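The values are calculated or read from the model by the stated rules, or taken from the named source; none is laboratory data. Fair warning: this is a prediction, and the values are worked out from it, not measured in the lab. Neighbour counts run over all protein chains shown; Cβ positions are idealised from the backbone, glycine included.
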Number of protein chains: 2
Amino acid sequence: MQQGNTVFFPNRPKIVATATVAGPKECAGVVGEYVDFPLGDDMFGESTFERAERKMLLAALRRSVEKAGKSREEIDVIVSGDLLNQIVSASFAARETGLPFLGIYSACSTMSEGLLLAGMLVDGGYAKTAVAATGSHFSSAERQYRYPLELGTTRPPQSQWTVTGAGSAVISRIGEGPALTCATVGRVVDYGVSDVNNMGAAMAPAAADTILSHLRDTGREPSDYDLILTGDLGALGSRLCKDLVWEKGVDIFANHVDCGEIVYRVVEDEFQGGSGAGCSAVVFNSYIYDKLRRGGSLRKVLFVATGALLSTVTSGQGETIPCIAHAVAVEGDAL
Amino acid sequence: MQQGNTVFFPNRPKIVATATVAGPKECAGVVGEYVDFPLGDDMFGESTFERAERKMLLAALRRSVEKAGKSREEIDVIVSGDLLNQIVSASFAARETGLPFLGIYSACSTMSEGLLLAGMLVDGGYAKTAVAATGSHFSSAERQYRYPLELGTTRPPQSQWTVTGAGSAVISRIGEGPALTCATVGRVVDYGVSDVNNMGAAMAPAAADTILSHLRDTGREPSDYDLILTGDLGALGSRLCKDLVWEKGVDIFANHVDCGEIVYRVVEDEFQGGSGAGCSAVVFNSYIYDKLRRGGSLRKVLFVATGALLSTVTSGQGETIPCIAHAVAVEGDAL
């Protein structure tokens, strides 16, 4: 059931339903037509960005449970976290459900840590049905991690744009849907990048490390996957990741794509693309899940969400940026 | 394997070793003689409180692995989190180990969430050996959650004192030690308390909810446990918890103790006792583990660490305090 850093799921827990919410900027891109709740206004009827963020997470969570045809009582546990200090979006959303809750934190790799843990809980028989969910909001992240929005600070070209959106996946042993077959738990990797505007460069080594561990542990080739999907490396980080993997003699150029690269239509002010826990949560649970579900060109996906484990305090104290990436292998039904 | 919110561990994963680090104030109390690294100075040779905190966590983690007689390579995964924004103590400590890492956040209930998850991973065969660890530091918590220490703010009588210390437990399917037999995943409970200085009152309902769920799911009586050990309710919260459970017709007065109540020798300026993720981590992994290991008066313990899931932003925005408690049942070897 375990080889190196990779765990296997012999019972093949299924992702029986997903749901997503995304802001107007996100819905202008490729995910737009797949999102359950495309928002015209990123305040979502709330008075603060933080309230809007948790409302998005809760909406995605509830909708995914509904789409799975489950009642509230059939959900055994929610595994969730987010970028805000003390993961308040997840905790406050969980409060509204009254369901057992396991809080996790893995920055922007929360979606894959959630799928990995929910997969283990369901595969191991500790839950019949589990929900993994996360999200982020550009405005709450910006003011927490960077500067007050009102300052209108100039963004450097290596920066990314935090995705406003949330995604939720319902994992169950019974039902139809793409199966979680194995997962690789990431290690904390730090190549010494300290530029908080260059998350792609900071996270690329962690993504490369996890992809290489996964292939080594499973004895697979990159070509065994139709897609190796990283979380939010963006355009620059994505190139770095491919190069780092290439240096170890493994070629993922042909079948690697990054959620951050594809979430926005590339226009000037988003620079390297999308980031944030919501980035891979929205892309994976809408566009990618739909393709897996249809069983066309995408049958086997290695989903590797990536996270930068810094805080404003560690950066202020001169620390570099430790990063992590967790991988889950998802297989659509063979038709 | 699962009943209500409770999961069972048929393979009885063992806590084969624990280790703790604690500050001078903590070591003056009952835990003093059981702590592996009693510190004379809570800076632990570091230049900032945050660095001292992560050094404590890493020291506890390493020492616990050493005491378990394991090499670094034998540890499959670290499950850890802490109180600092973005759980930087856990992430930075995990970076030093190079081991697979699952970040969790459950405020001061991190120790029991960690034991619960590590227990599932080991019981389910997803890891042979897992480490659960957490900690906190009075000074880093105080300046993050409350006021700069230099202000010398007066503390109200309902307040508690964040424990400076860390604890780590090594869970393995093979080896000797008290066994994890089942665990109850907590729900987020909020009775509307908004006083950030009264964590005991905020968290007591969550502790009561989890204890009652646990007893209902398992069909057990409080007297089936030699001790029901909550995490950091403090003196006031502890009384409230006992009363709330009593109102539901269950009497835990005889065998309930709170880590926060016993960690300090009660003197005026600690008011309700200890709090923080390090509170239950230090008490459980030193004093209580020693008693379980010796197999004297303590054979069966229900460990229910408690957490308040607020942030300074949610409090500033007028929100109440959502709380959670996770329970793990630990059984010493019958002699």
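Remarks
- Reported count of residues in the stretch B:79-89, each being free of Cβ contacts under 8 Å to residues at least 40 places away in the same chain and of a type outside the set (Val, Ile, Thr), is 1.
- Conditions (1) surrounded by fewer than 24 Cβ atoms within 10 Å (Cβ to Cβ); (2) polar (S, T, N, Q); (3) closer than 20 Å to residue B:310 by Cβ: number failed by residue A:86: (1)
- When B:138, B:101 are checked against the criterion of being among the aromatic types (Phe, Trp, Tyr), surrounded by fewer than 24 Cβ atoms within 10 Å (Cβ to Cβ) and not assigned by TED's automatic domain parsing to the domain that holds residue B:225, B:138 stands alone in meeting it.
- Residue that is surrounded by fewer than 19 Cβ atoms within 10 Å (Cβ to Cβ), within 30 Å of residue B:213 (Cβ to Cβ) and among the β-branched types (Val, Ile, Thr), where the choices are B:16, B:7, B:30: B:30
- When residues in the stretch B:56-78 are screened for being buried (at least 22 other Cβ atoms within 10 Å of the Cβ) and either at the interface with another protein chain (Cβ under 10 Å from one of its Cβ atoms) or touching a Phe, Trp or Tyr at 6+ places or on another chain (Cβ under 7 Å) (or both), 4 of them pass.
- Any chance residue B:271 is away from chain A (no Cβ under 14 Å) and under 12 Å from the mean Cα position of the chain (by Cα): no
- Residues that are of a type in the set (S, T, N, Q) and away from chain A (no Cβ under 14 Å), drawn from the stretch B:137-156: B:153, B:154
- Test for residue B:192: is it in contact (Cβ under 8 Å) with a residue 12 or more places away in the chain and surrounded by 22 or more Cβ atoms within 10 Å (Cβ to Cβ): no
- Residue among B:76, B:123 that is touching a residue at least 60 places away in the same chain (Cβ under 8 Å), of a type outside the set (Lys, Arg) and farther than 18 Å from residue B:231 by Cα: B:123
- All conditions but one from (1) touching a Pro at 6+ places or on another chain (Cβ under 6 Å); (2) under 25 Å from residue B:285 (Cβ atoms) apply to residue B:211; the one that does not is (1).
- Annotation for the stretch B:123-131: at least one member residue is within 11 Å of another protein chain (Cβ to nearest Cβ), part of a strand (DSSP E or B) and either crowded, with 24+ Cβ neighbours inside 10 Å or at pLDDT 95 or above (or both).
- Boolean, residue B:95 is part of a helix (DSSP H, G or I), touching a Leu at 6+ places or on another chain (Cβ under 9 Å) and free of Cβ contacts under 8 Å to residues at least 12 places away in the same chain: yes
- Counting only strands (runs of 3 or more DSSP E) that fall entirely inside the stretch B:242-335 and contain at least 2 residues that are in contact with a His (Cβ under 7 Å, 6 or more places away or on another chain), the qualifying elements are B:300-308.
- Conditions (1) at pLDDT 95 or above; (2) in contact with a strand residue (DSSP E or B) (Cβ under 9 Å, 6 or more places away or on another chain); number of the one not met by residue A:52: (2)
- The single residue among B:208, B:166 that is touching an Asp or Glu at 6+ places or on another chain (Cβ under 9 Å) and assigned to a helix (DSSP H, G or I) turns out to be B:208.
- For the stretch B:30-40, the condition of being of a type in the set (Ser, Thr, Tyr) and in a helix (DSSP H, G or I) holds for at least one residue.
- For residue A:103, the stated conditions hold: it is at the interface with chain B (Cβ under 10 Å from one of its Cβ atoms), of a type outside the set (Lys, Arg) and touching a strand residue (DSSP E or B) at 6+ places or on another chain (Cβ under 9 Å).
- Residue A:314 vs. criteria among the polar types (S, T, N, Q) and within 14 Å of another protein chain (Cβ to nearest Cβ): yes
- Any chance residue B:192 is assigned to a loop (DSSP other than H, G, I, E, B) and either touching a Gly at 6+ places or on another chain (Cβ under 6 Å) or within 20 Å of residue B:281 (Cβ to Cβ) (or both): no
- Filter result for the condition that a residue is within 15 Å of the chain's Cα centre (by Cα) and more than 14 Å from chain B (Cβ to nearest Cβ), over A:159, A:168: A:168
- The residues on offer are B:261, B:268, B:221, and the sole one that is outside the structural domain of residue B:11 (by TED's automatic domain parsing), among the charged types (D, E, K, R) and modelled with pLDDT of 95 or more is B:221.
- Unique match (being of a type in the set (Val, Ile, Thr), within 30 Å of residue A:209 (Cβ to Cβ) and more than 9 Å from chain B (Cβ to nearest Cβ)) among A:134, A:184: A:134
Yes/no matrix, rows are residues, columns are (1) out of contact with any helix residue (DSSP H, G or I) (no Cβ under 7 Å at 6 or more places or on another chain); (2) not in a helix (DSSP H, G or I); (3) not hydrophobic (A, V, I, L, M, F, W, C):
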{"residue": "A:17", "(1), (2), (3)": "no, yes, no"}
{"residue": "A:44", "(1), (2), (3)": "no, yes, no"}
{"residue": "A:47", "(1), (2), (3)": "yes, yes, yes"}
{"residue": "A:52", "(1), (2), (3)": "yes, no, no"}
{"residue": "A:64", "(1), (2), (3)": "yes, no, yes"}
